[in-house]
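Written out below as structure tokens is the structure these notes cover.
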Amino acid sequence: MYESVLLVEDDASVAHATSLLLQRAGLRVTGAPDGRQALDLFGRQPFDAVVLDVMLPVVDGFEVCRAIRRTSSVPIVMLTARTETAEVVAGLELGADDYITKPFEGPELLARLRAALRRASADEPVPTIRVGALEIDGGAFRATKGGRVLDLTATEFRLLLELAHHPDRVLTREALLERVWGYDYLGDSRLVDMAINRLRTKLGDDPKAPRYISTVRGAGYRFARR
């Protein structure tokens, strides 16, 4: 069965070229020229991933990402014509799994999208990890704290699971990029930092005195299993 991708891009020439690229890679592509149509399509049929431009008419990419994340953990790769840190960070904070700047090379977009799809479809049996009130159920792909299910994206859950599998060990950003995002030289450490920030918020972890995830300056992150 072909994996389905919702491509949200208002530039007709970019949308056409990107759609052909994805189709030739064996993906089934549905296009939307603006945010409103994208959300309408997303609400009516399932998709395996979303490739989402930031600058869209009617409803922008940030709002589309926010709306999708209210109901789904589907992988989202954002496209941006800007390289400013603020815009990249904004997309990642809203739950995007990755981003790529325009103009982009086809192989890079495919590599990032394929990595996101692999992460979402991975189904490896893993034991349940309990740390105080936190319970991480790898088999059910679910984390709870005090019995309350945490609203984590697929990437956030995999990041938490990777950290929890190596308690009291420092994992570098590069190692986390490779193990969680599925690549290294294509990656950006901001992906890790923003996902860690989101995780801490959802865990109720105070970054100044973290219970679960601590920053080891100049090295990476450590999960405290105590």
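The values are calculated or read from the model by the stated rules, or taken from the named source; none is laboratory data. Please read these numbers as outputs of a predicted model, since none were measured by experiment. Cβ sites come from the backbone with ideal geometry, for glycine too, and all protein chains shown count toward neighbours. Areas reflect the complete protein model, heavy atoms only, side chains present, ligands, DNA and RNA absent. Shrake-Rupley method; radii C 1.70, N 1.55, O 1.52, S 1.80 Å.
The table that follows gives values for the structure above.
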| read-out | value |
| --- | --- |
| Solvent exposure, largest accessible area first (probe 1.4 Å, DNA, RNA and ligands not counted), of S214, S73 | S73, S214 |
| Label point distance in nm, D151-R114, each placed 7 Å from Cα along Cα→Cβ | 3.4 nm |
| For segment 132-137, Karplus couplings with θ = phi - 60° (6.51, -1.76, 1.60), whole Hz, Gly/Pro x | x, 7, 8, 10, 10, 9 |
| Nonlocal amide H pairs with V59, under 5 Å, H built at 1.01 Å | G35, R36 |
| Nitroxide proxy distance, nm - points 7 Å out along Cα→Cβ at A209 and M55 | 4.6 nm |
| Under 13 Å, Cβ to Cβ, from V64 - net charge with Lys/Arg +1 and Asp/Glu -1 | -3 |
| For segment 1-30 versus segment 187-226, the gap between their alpha-carbon centres in whole angstrom | 35 Å |
| Projected label distance in nm at R190 and V170, using a 7 Å step from Cα toward the beta-carbon | 2.5 nm |
| Test item: Cα-centred dipole of the chain, Lys/Arg +1 and Asp/Glu -1 on Cβ, debye | 1000 debye |
| Estimated [θ] at 222 nm from DSSP helical runs (n ≥ 4, -39500 (n - 2.57)) normalised by residues in the chain, nearest 500 | -11500 deg cm²/dmol |
| T144/A224 FRET efficiency (R0 25 Å; Cβ-Cβ; nearest 0.05) | 0.85 |
| Per residue accessible area in Å² of the chain, where ligands, DNA and RNA are left out and the probe is 1.4 Å | 48 Å² |
| Once the Cα gyration tensor of segment 29-178 is diagonalised, semi-axes √(5λ) in Å | 29, 18, 14 |
| Segment S4-H16, length gained on full extension (0.36 nm per residue, minus Cα span) | 2.7 nm |
| Aspartates and glutamates whose Cα lies under 13 Å from that of K145, excluding same-chain neighbours fewer than 8 positions away | E135, D137, D205 |
| Accessible area of segment 131-226 belonging to carbon and sulfur atoms, whole % at 1.4 Å probe | 46 percent |
